[in-house]
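See structure below.
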Amino acid sequence: MTDVVKGKSKEAFIAHFGCEPEYLSYAPGRVNLIGEHTDYNDGFVLPCAIKFGTALTAKKNGTNKMRLLAVDINNDTDEFECSATYTAHPTKTWANYLRAMVALIMQKGHKVEGLDVAISGDIPLGSGLSSSASLEVTFGNLVSQVFGLNIPLQEIALTGQACEALNGCKCGIMDQTISACGKADHALLIDCRSLELKHIPVPAELDILIVNSNCKHALVGGEYNERREQCENAAKIIGVKALRDATMDMLNAKKDQMDEVTYRRARHVITEDDRVLKAIDAFKQGDLAKLAELMYASHCSMRDDFEITIPEIDGLVEIIRKAIGENAAVRMTGGGFGGSVVAVVEPAKVEQVKAAIDAEYEKISGKKATIIETHAFDGAAFTKL
Ligand code: GLA
């Protein structure tokens with residue numbers, strides 16, 4: 001897939017700008033295996049980069065303007081002056097991530113000049129597989145590399161996170177970090193407080209299956225930021241810096257000082273952090289039964305305590321569990337309110353799962369699901385053409 005979007009971007013660049021591009025930048029989307037809504041609580045996450053992503057081809061244009069072509073959004077275009085002041089475009093939300101990235105990089109004192117850029121990506125929008133993070137990371141890395149700014153990839157990830165905040169979503173650091181720093185055949189354990197990274201091998205005998213419910217998820221909305229506030233409030237009541245520092249005993253000791261919803265939000269985060277650390281051992285030992293137990297517990301916690309699943313997603317998880325039988329490692333992945341489900345499966349079970357989804361999902365949702373088979377891919381890459 002990577003090569004397809006790179007080729008599409010280059011072709012469109014030549015057709016639109018009338019010359020050959022000089023640079024190619026790419027960053028993948030992600031699927032999170034376990035550790036949901038733990039990142040902004042200073043906790044742990046375990047995502048991996050997937051085979052879909054966003055490719056940019058570009059060339060310096062000798063002006064102070066970024067001139068952009070979005071191949072997959074009906075060849076929509078935008079242009080803006082490079083400036084340290086961020087000014088949002090009223091309708092072109094895709095371009096606002098790039099406007100924000102330029103402004104934030106320039107605020108650090110870096111000099112940035114005009115580029116012509118053609119963008120092409122194949123992460124289904126609204127699938128919960130981080131299309132915006134991959135756009136931020138690939139563009140931040142492009143600007144850094146073309147202008148010799150030497151911004152480390154983890155700093156580009158942090159800048160991408162700040163772009164999201166400028167656009168209304170107070171997200172954590174997971175999506176941008178895995179897009180920037182992913183490694184083929186490995187999941188990435190991110191300590192979201194220290195930002196320490198550990199690459200964890202994904203057992204070669206297991207496949208990663210992503211099932212897009214085709215119920216679009218959108219994080220720029222109240223629900224995500226509301227969850228974050230509830231978690232911060234719980235941490236304050238418990239008397240810790242972030243929920244990462246709390247245990248279930250500490251939470252229970254303060255149970256009567258918080259409302260029931262706040263209690264459940266905190267319980268999700270505290271137990272989820274614990275599940276991530278246990279999942280690392282399960283991965284290391286290739287223990288699919290343990291992984292299945294942890295992933296399903298994660299799903300139930302997202303459904304019942306954090307309340308971020310929707311009936312179609314819960315239905316998909318149950319269809320896949322029934323199809324796999326024992327050792328069904330499956331859960332919703334990503335921010336929630338729609339999006340995708342992830343399953344870690346033995347290759348021999350893939351066809352069974354596909355058949356069950358084809359037979360059952362439309363009945364409960366009125367929609368068809370999209371099944372994506374992937375493994376773990378490398379993170380961001382830049383090439384001078
Ligand atoms: C979104 C956010 C991430 C993370 C997940 C939930 O993908 O961008 O920072 O909070 O939701 O785990």
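The values are calculated or read from the model by the stated rules, or taken from the named source; none is laboratory data. Since this is a predicted model, take the numbers as computed values, not measurements. Ideal geometry is used to build each Cβ from the backbone, glycine not excepted, and the neighbour counts take in all protein chains shown. Accessible surface is based on the protein model in full, side chains and every heavy atom, while ligands, DNA and RNA are left aside. Shrake-Rupley method; radii C 1.70, N 1.55, O 1.52, S 1.80 Å.
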Check: How large is ³J(HN,Hα) for each residue in the range 84-93, as worked out from phi by the Karplus curve 6.51 cos²θ - 1.76 cosθ + 1.60 (θ = phi - 60°), to whole Hz, x for Gly and Pro?
Finding: 7, 9, 8, 10, 6, 7, x, 10, 7, 5
Margin query: Under 5 Å between amide hydrogens, which residues at least 5 positions from residue 340 or on another chain qualify, with H placed 1.01 Å from N in the peptide plane?
Written below: 213, 333
Item checked: Karplus (6.51, -1.76, 1.60) ³J(HN,Hα), θ = phi - 60°, over the range 294-305, in Hz, Gly and Pro reported as x -> 5, 5, 6, 4, 4, 4, 4, 5, 5, 6, 9, 8
Note to self: Need the list of aspartates and glutamates near residue 241 for cross-linking: C-alpha distance under 17 angstrom, and skip anything on the same chain fewer than eight residues off.
What the structure shows: 39, 42, 191, 229, 232, 249, 273
Notebook entry, point to check: Highest mean first, what order results for 128-134, 325-331 on Cβ atoms within 10 Å?
Noted result: 128-134, 325-331
Note to self: Sort 246-258, 99-111 by packing, meaning the average of other beta carbons within 10 Å per residue, with the highest value first.
What the structure shows: 99-111, 246-258
Next item on the list: Before anything else, pin down the relative contact order of the chain: Cα pairs under 8 Å, at least 6 apart, normalised by residue count, whole percent.
Entry: 23 percent
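Any idea of the accessible area per residue across the range 186-258, 1.4 Å probe, to the nearest Å²? Before the final figure, lay out the partial values.
On the way: 3650 Å² over 73 residues.
Per-residue value: 50 Å².
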Note to self: Using the basic label-point model (7 angstrom from Cα toward the beta carbon), what is the residue 113 to residue 307 distance in nanometres?
What the structure shows: 5.5 nm
Margin query: For the range 268-373, what is the number of Lys pairs with C-alpha distance below 27 angstrom, counting only pairs 8 or more positions apart or on separate chains?
Written below: 19
Notebook entry, point to check: So how much slack lies between residue 248 and residue 216, counting 0.36 nm per residue of separation and subtracting their Cα-Cα distance, in nm?
Noted result: 8.2 nm
Next item on the list: Calculate, in nm to one decimal, what residue 84 and residue 20 gain on full extension: separation in residues at 0.36 nm each, minus their alpha carbon distance.
Entry: 20.2 nm
Check: What value, in deg cm²/dmol to 500, does the helix sum -39500 (n - 2.57) over DSSP H runs of n ≥ 4 give at 222 nm once divided by the residues of the chain?
Finding: -14000 deg cm²/dmol
Notebook entry, point to check: Hey, which aspartates and glutamates would be in cross-link range of residue 108, C-alpha to C-alpha under 20 Å, not counting anything within fewer than 8 residues on its own chain?
Noted result: 81, 136, 155, 164
Next item on the list: Using the charge dipole of the range 103-246 (Lys, Arg: +1 at Cβ; Asp, Glu: -1 at Cβ; taken about the Cα centre), state which of 147, 123, 161 has its Cα farthest towards the positive end.
Entry: 161
Item checked: Sites residue 184 and residue 256, calculated FRET efficiency, Cβ-Cβ separation with R0 41 Å, nearest 0.05 -> 0.25
Checklist line | Karplus (6.51, -1.76, 1.60) ³J(HN,Hα), θ = phi - 60°, over the range 375-382, in Hz, Gly and Pro reported as x | finding: 9, 7, 10, 6, x, 4, 9, 10
Notebook entry, point to check: Peptides 118-124, 25-31, 280-286: what's the order by average Cβ count within 10 Å, highest mean first?
Noted result: 25-31, 118-124, 280-286
